[in-house]
Amino acid sequence: MLEVKGLHAFYGKSHILHGVDMNIGKGEIVSLLGRNGVGRTTTCKSIMGLVEPVGNITYNGEKISGMEPHQIAHRGIGYVPEDRLIFPGLTTRQNLELGMKKSGQEGRWKLDDAYKLFPRLEERAETPAEVLSGGEQQMLTMCRTLMGDPELIMIDEPTEGLAPQIVKQVGEFLEQIASSGMSVLLIEQKLSIALKVSQRLYVMGHGEIVFEGTPSDLEANESVRKEWLEV
Amino acid sequence: MLESLIFTIFNGVLYGMLLFMLASGLTLIFGMMGVLNFAHASFYMLGAYFAYQVSVFAGFWAALFLAPLGVALIGALTERYGLRQVHQHGHVAELLFTFGLVYVIEEVVHLVWGRTPVNYQVPEALDFTLFTLFTTDFPAYRAFMLGVAIFMFVGIFLLLTKTRIGQVVQASLSHPDMVGALGHNVPRVFTLVFAFGCALAGLAGVIAGNYFITEPGMAWNMGPIVFVVVVFGGLGSLGGALVGSLIIGLAQTFAVQMTFSIASVLADMGLAISEDAFLSGFWFLELSRIGPMLPYLLLVLMLIFRPRGLMGTRAD
Ligand SMILES: Nc1ncnc2c1ncn2[C@@H]1O[C@H](COP(=O)(O)OP(=O)(O)OP(=O)(O)O)[C@@H](O)[C@H]1O
Ligand SMILES: [Mg+2]
């Protein structure tokens, strides 16, 4: 469904991605692992068109590299950023509504579904979003993207800095959307979550993919884990 | 005393609301796109000239609607085919672009309408005295200007808070990239906001151009003061623009009324200063003459002591 071939990316003069190749199939849960600063977020942003991609990215056979972010979103890709980017000045509910691509047009995911996934969001529906706690903001940013009814959702470090019991909720959320048939690209530090939910994993090191395989492949491959994952 | 106080407050608020019609657009454009549009007051001037031209053929009421639309169209084209291209080269290029635009628009005005003021008049239907309080006449056109300004203010407020496009604009003030990633056409929203801001400035020109004078220097008269308002209130903050407009509008109107000097105040208190005292020029200066300087003084002090302005959120 998504195919990335020879992807390079730059911030000004610094060359961040050095030819990334990866693909995600329909309904597949794929994780992208790696240490801090290796370029996982940059990969997501390049796919979304937020960083200019050099290389070839196709989605359902159509070339999307070079498109505007809003065009890519309308093709069916959703993005949940690591810094959450909640819209201040708007309420929780208004934030969720902005996730819908057209006014009042709910897709397979409705406001009520978001509230069912995270009852906390319903309690906070009319609260200005900027006063939500970190965990609540994470729930909000994930559900906001869901409201746009993506086929493929890229979620960047959803559990970073959260309390264990909220990490557990986020894990359940991932399993739920996975079982709905949506494709997921998950970026994670916590190996435990990634190994549990994903069917396939990529490991990134210094702007390149250094490992690709199933969770059991990775568990068997101690040298990759030692060299590229453990600190 | 009471009489002049009431009228000064009224005129100050009116001037403040007029400033707000320009400041609101300028601050929204900055908040969303990071562009400090030096040419904003030029669109105000275009509004006045367009209104003059339309009113020659079709009267004032047609001009009231058509002139802001014309300005909006020019604003949209400026953003779409000018600023958006220049944007790739960074903020300095954008700043220089809008700076150049000030001169381009001024020269176009010279070419089309000449260097002297045009005869743009208050419409006859509004050219009467609304009421007389004590001994001062209050012109109906002033009330009309205030009405239009308040109507605009309520309109902007409802548009931003109650409509979806307004919420998209608000969201784009903080995270435009994320708004795009959710599927909203952010470049188009930019064009709309720019055009809308220009239309507001144009409307201010329509209602002020005949009350003051419509001449090629009017952009230069208004431009700097609007910048003061926006920086003073806090770049990117609409609430700040409103408070800043009213404060600067009132401060300037009051200052002009102050025909006394420090020396005269001291004399009233029994401390006469002789004409040849040290710095006598300063002691005998009428405070009204400080009026024009006051806004810029406030600007400089604000930048030193509170650079993000009254209600701004940006630290830089
Ligand atoms: N806007 C930017 N300008 C310049 N350099 C950047 C920018 N964003 C990221 N970088 C650099 O690019 C490299 C890759 O960053 P990226 O955010 O993709 O890493 P990451 O794998 O997501 O790691 P993490 O999220 O843990 O920081 C880093 O060295 C980072 O310093
Ligand atoms: Mg990252």
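The values are calculated or read from the model by the stated rules, or taken from the named source; none is laboratory data. Remember, it's a predicted structure, so these values are computed and weren't measured experimentally. Ideal geometry is used to build each Cβ from the backbone, glycine not excepted, and the neighbour counts take in all protein chains shown. To get the accessible areas, we keep the full protein, side chains included, count just its heavy atoms, and leave off ligands, DNA and RNA. Shrake-Rupley method; radii C 1.70, N 1.55, O 1.52, S 1.80 Å.
One table, with the values for the structure above:
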read-out: Chain B - accessible surface per residue (Å², probe 1.4 Å); value: 47 Å²
read-out: Segment B:ILE150-B:VAL104, extension gain: residue separation times 0.36 nm, minus the distance between their alpha carbons; value: 13.4 nm
read-out: Total accessible area lost when B and A pair, probe 1.4 Å, Å² to nearest 100; value: 1700 Å²
read-out: Tensor-based shape of the protein assembly as shown (alpha-carbon gyration tensor, a/c under 1.5 rounded, otherwise prolate or oblate); value: prolate
read-out: Gyration tensor (alpha-carbon) shape descriptor, segment A:21-89, a/c threshold 1.5; value: rounded
read-out: Label-point separation, A:HIS8 to B:PHE282 (7 Å along Cα→Cβ), nm; value: 6.4 nm
read-out: Label point 7 Å beyond Cα of A:ASP83 along Cβ direction - residues of segment B:148-181 with amide nitrogen under 15 Å; value: B:172-181
read-out: Accessible area expressed per residue, segment A:86-149, with surrounding protein chains retained (probe 1.4 Å, Å²); value: 40 Å²
read-out: Folded to 0 to 90 degrees: helix B:60-77 orientation relative to chain B principal axis, Cα; value: 60 degrees
read-out: Most mobile listed residue (A:PRO69, A:PRO81, A:PRO164) in chain A, GNM with C-alpha springs under 10 Å; value: A:PRO164
read-out: Neighbourhood net charge (9 Å Cβ-Cβ; Lys/Arg +1, Asp/Glu -1) for A:VAL20; value: -1
read-out: Fraction of accessible area attributable to carbon and sulfur, segment B:2-305 (%, probe 1.4 Å); value: 72 percent
read-out: Helical contribution to [θ] at 222 nm, DSSP H n ≥ 4, -39,500 (n - 2.57), averaged over the protein assembly as shown, rounded to 500; value: -17000 deg cm²/dmol
read-out: Label-point separation, A:ASP112 to A:GLU52 (7 Å along Cα→Cβ), nm; value: 4.7 nm
read-out: Share, in percent, of DSSP beta bridges within the protein assembly as shown that are antiparallel, nearest 5; value: 60 percent
read-out: Within straight-line cross-link reach of A:LYS13, aspartates and glutamates at Cα separation under 17 Å, skipping those fewer than 8 residues along the same chain; value: A:GLU52
read-out: Flagged links, alpha-carbon separation over 28 Å, of A:LYS26/A:LYS116; A:LYS168/A:LYS226; A:LYS26/A:LYS101; A:LYS63/B:LYS162; A:LYS26/A:LYS63; value: A:LYS63/B:LYS162
read-out: Cleavage-rule hits, trypsin sites (Lys or Arg not before Pro), segment B:52-144, DSSP coil, Cβ neighbours within 10 Å at most 13; value: B:ARG115
read-out: Pairwise label distance in nanometres, A:ASN221 with A:ARG35, each label 7 Å out on the Cα-Cβ vector; value: 1.7 nm
read-out: Angle in degrees between helix B:40-58 and the longest Cα principal axis of chain B, rounded to the nearest 10; value: 90 degrees
read-out: On Cα atoms only, tilt of B:91-113 relative to the major axis of chain B in degrees; value: 70 degrees
read-out: Shape category assigned to segment B:2-305 from the gyration tensor of Cα positions, a/c cut at 1.5; value: prolate
read-out: Förster radius 22 Å - calculated FRET efficiency between A:HIS74 and A:HIS15, Cβ distance, rounded to 0.05; value: 0.15
read-out: Net dipole in debye of segment B:1-145 [+1 Lys, Arg Cβ; -1 Asp, Glu Cβ; about Cα centre; nearest 20]; value: 320 debye
